[in-house]
Amino acid sequence: MKTSIATVSISGNLREKLEAVARAGFDGIEIFEQDFIADAGTPREIGAMIRDHGLEITLFQPFRDFEGLTGDLRRRAFDRARHKFDIMAELEVDRILVCSSVHPEALGGIDRAADDFAELGDIAAGYGIFVGYEALAWGRHVNDHRDAWEIVRRADHDHVGLILDSFHTLARRIDPDTIRRIPADKILFVQLADAPMIEMDLLYWSRHFRNMPGEGDLPVTAFMRAVAATGYDGPISLEIFNDQFRGGRPDGLARDGYRSLVALMDDVRRLEPDIRVALPDIPARVHVEGVEFIEFATRGAEAEALERLLGSMGFTRQGQHVSKDVTLWQQGKARVILNCETTGFANSAFAMHGTTVCDIGLRVTSAADTTARAIALGATPFQQVIGPGELDIPAIRGVGGGVMHFIDAESGLADVWSLEFRQTGGADPVGAGLRAVDHVAETMNYDEMLSWSLFYTSIFDMARAPMVDVIDPDGLVRSQAIRATDGGTRITLNGAETHRTLAGGFLAESFGGAVQHVAFSCDDIFQTARSMAASGFRPLEMPRNYYRDLEARFALDAGKLAQMTALNILYDEDANGAFYQFYSRPFGGGFFFEIVQRVGAYDGYGAPNAPFRIAAQKRLMRPKGMPG
Ligand code: MG
Ligand code: MG
């Protein structure tokens, strides 16, 4: 299988695109005519430049409004084709995409179109060029790959084949399994794109909202399984038109594209074990059992304040690192590490963001498989000098530059706590009743959300929940939960569109810090809240109006409601259960802790409460966005 991407999928000028595509690991590019026309080089120079980047030109596109015309219009269509073939010869590319006509004068008729393609095939053969026919979802007469295939079949020409594009097939809800009956040698090229499920005009949807396979809602895997089942072994190419991507960074987009393709091919390989196509063998998506630790980079007075806050939440200092200025705070299975080192990664994270979560440790089934899969998917491995007595724990960089370490039992990494830390406290403290990390909330710019969700869902056995809008008094924040398929590990992504929102302000204040809050679970939130209050914890105060509204919305016991009011506990419920939560006051650049209790199978994060939580937090921040 050859990996390819259309130049139109990436931002930048042609040269910037080529560099990003080559760096990401693709084998080739489809050259979009506009990119070629806009460049100052001659076709020969451009062809050479592309090959100098180690890239093959897999396709030249698009050639529009060709078939079904008569008289002068038909003659001109063939002249235009010869002109393109001349350019292609100079570029040294031998495949061209002809998309189904939208010309108002095009007549339709399967045999008429087949005759046009047979004649075009004769001309193309003289150039050594192969013509591929693609059914646009909004084509005037041909808008279904099954009709395009019938035309190609009747054209019966060695230089005419079919081009399949997942968007055009899936957007029209055409069963992708119909592809399984097309012979592989008649499929000239395959383009892939996903898209979010939105009801809108097909052309507008396609031109503005396509995204990488796995980032949207279309059954691209089922499409690709059908393609692979035919035995097709040619280029697999991403063709993504997306408004957000046009303004994105070429490197990030190319990396996401490559990641999405490799993950998709791996899924296909597992779901279609009998296909003959050779696909790369990488470890399966890794199961995340839980969050093993949260590590802060911190220093001086901020470290002392954080220690006081953790102490008031019932954490105790359990361990001191054998050789570093690093301490372990624990309660139940929740571990917080405070890293005050003045060298290494934590030091640079502190210098950049101030006190910040610089590292997240995930407990996985196999740490080695996790890094092997992540690196095959284009993630950057993270390595730091291993000090005396330290374990070599596999790690990678996350999307925002933070570090993720992976701990498993099978290779003895779970012993890190007894091996690297000297015990300073009693064993397994109950504290205030916090049990484990419930979720980690990360903040990013809205246009980076797809990168983050693709990162988690392609490496780990995790799935996306639908996106929710969170209303901040100063703008909208989109929130999307990513969850291990067994529900155990949860990460929420919060995309800020403006710096005036709490999430956006946090991004600005922390210079791109990612983890904005960490939520811990408990079994009796009233007991926990009282215990923490007794230790000096000061919760985020919720207004009376909030509780009067709760009283109106839910049938809550008066005594319970009074306790919730006194303890600043927020409430939500759905058909499956109930949810209690309260918050710490903002810390540093806007970081905070959350305590939650899930009752029954409640699966959310208290989204209806978010506007009131945000307003309460903003009351505590100075106008610039700093805590008061
Ligand atoms: Mg296409
Ligand atoms: Mg939360």
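Answer with yes or no whether residue 215 is of a type in the set (Asp, Glu) and either buried (at least 22 other Cβ atoms within 10 Å of the Cβ) or within 16 Å of ligand 2 (Cβ to nearest atom) (or both). Please lay out each step first, then the result.
Values: of a type in the set (Asp, Glu): yes; either buried (at least 22 other Cβ atoms within 10 Å of the Cβ) or within 16 Å of ligand 2 (Cβ to nearest atom) (or both): yes.
So residue 215 fits the description; yes.
Quick check: anything in region 99-108 within 24 Å of residue 174 (Cα to Cα), surrounded by fewer than 18 Cβ atoms within 10 Å (Cβ to Cβ) and modelled with pLDDT under 95? Within region 99-108, one or more residues are within 24 Å of residue 174 (Cα to Cα), surrounded by fewer than 18 Cβ atoms within 10 Å (Cβ to Cβ) and modelled with pLDDT under 95. For residue 483, the conditions (1) within 16 Å of ligand 2 (Cβ to nearest atom); (2) open to solvent by 50 Å² or more (accessible area, probe 1.4 Å); (3) assigned to a helix (DSSP H, G or I) are fulfilled apart from (3). Out of 569, 614, I need the residue that is in the same structural domain as residue 482 (by TED's automatic domain parsing), of a type in the set (A, V, I, L, M) and in contact (Cβ under 8 Å) with a residue 60 or more places away in the chain. Which one? On inspection, the qualifying residue turns out to be 614.
Assess whether residue 379 counts as being in contact (Cβ under 8 Å) with a residue 60 or more places away in the chain and either under 28 Å from the mean Cα position of the chain (by Cα) or surrounded by 12 or more Cβ atoms within 10 Å (Cβ to Cβ) (or both). Spell out how you get there, then give the answer.
Working: in contact (Cβ under 8 Å) with a residue 60 or more places away in the chain: yes; either under 28 Å from the mean Cα position of the chain (by Cα) or surrounded by 12 or more Cβ atoms within 10 Å (Cβ to Cβ) (or both): yes.
Yes, satisfied.
Inspection of region 364-371 finds a residue satisfying the criterion of being of a type outside the set (Ser, Thr, Tyr), at pLDDT 95 or above and in a strand (DSSP E or B).
Restricting the first member to region 91-102 and to residues that are free of Cβ contacts under 8 Å to residues at least 40 places away in the same chain and within 13 Å of ligand 1 (Cβ to nearest atom), and the second to residues that are among the aliphatic types (A, V, I, L, M) and open to solvent by 10 Å² or more (accessible area, probe 1.4 Å), no beta-carbon pair is closer than 7 Å while six or more apart or on different chains. If the condition is being under 19 Å from residue 517 (Cα atoms) and basic (Lys, Arg), then region 545-595 contributes only 585.
Scanning region 517-571 for residues that are part of a helix (DSSP H, G or I) and within 36 Å of the chain's Cα centre (by Cα), which turns out surrounded by the fewest Cβ atoms within 10 Å (Cβ to Cβ)? Step through it out loud before you land on a result.
Going residue by residue through region 517-571, those that are part of a helix (DSSP H, G or I) are 525-534, 544-553, 558-567.
Right, trim to within 36 Å of the chain's Cα centre (by Cα) and you get 525, 528-529, 546, 550, 553.
Details: 525: 24, 528: 27, 529: 25, 546: 19, 550: 19, 553: 12.
Going through the qualifying residues, I end up with 553.
Of all residues in region 148-168, those being over 19 Å from residue 5 (Cα atoms), within 16 Å of ligand 1 (Cβ to nearest atom) and not small (Gly, Ala, Ser) number 2.
Checked against the criterion of being of a type in the set (Lys, Arg), away from ligand 2 (no atom under 16 Å from the Cβ), surrounded by 21 or more Cβ atoms within 10 Å (Cβ to Cβ) and within 16 Å of the chain's Cα centre (by Cα), the candidates 249, 259 yield just one match: 259. Evaluation of residue 604 against the conditions (1) within 30 Å of the chain's Cα centre (by Cα); (2) on the phi > 0 side of the Ramachandran plot; (3) surrounded by fewer than 19 Cβ atoms within 10 Å (Cβ to Cβ) shows that the sole unmet condition is (2).
Considering 514, 575, the condition of being within 23 Å of residue 587 (Cα to Cα), within 39 Å of the chain's Cα centre (by Cα) and assigned by TED's automatic domain parsing to the domain that holds residue 452 is satisfied by 514 alone.
Answer yes or no as to whether residue 259 is at pLDDT 95 or above and in the same structural domain as residue 186 (by TED's automatic domain parsing). Spelling it out, residue 259 is indeed at pLDDT 95 or above and in the same structural domain as residue 186 (by TED's automatic domain parsing). For region 440-479, the candidate set comprises residues that are open to solvent by 50 Å² or more (accessible area, probe 1.4 Å) and within 16 Å of ligand 2 (Cβ to nearest atom); within that set, the residue that is farthest from residue 491 (Cα to Cα) is 471.
The values are calculated or read from the model by the stated rules, or taken from the named source; none is laboratory data. In this text the structure is predicted, and so the values were computed from the model without any measurement. Note that each Cβ is placed from the backbone with ideal geometry, even for glycine, and that neighbours are counted across all protein chains shown. For the accessible areas, the whole protein counts, side chains as well, though only heavy atoms, and no ligand, DNA or RNA atoms are used. Shrake-Rupley method; radii C 1.70, N 1.55, O 1.52, S 1.80 Å.
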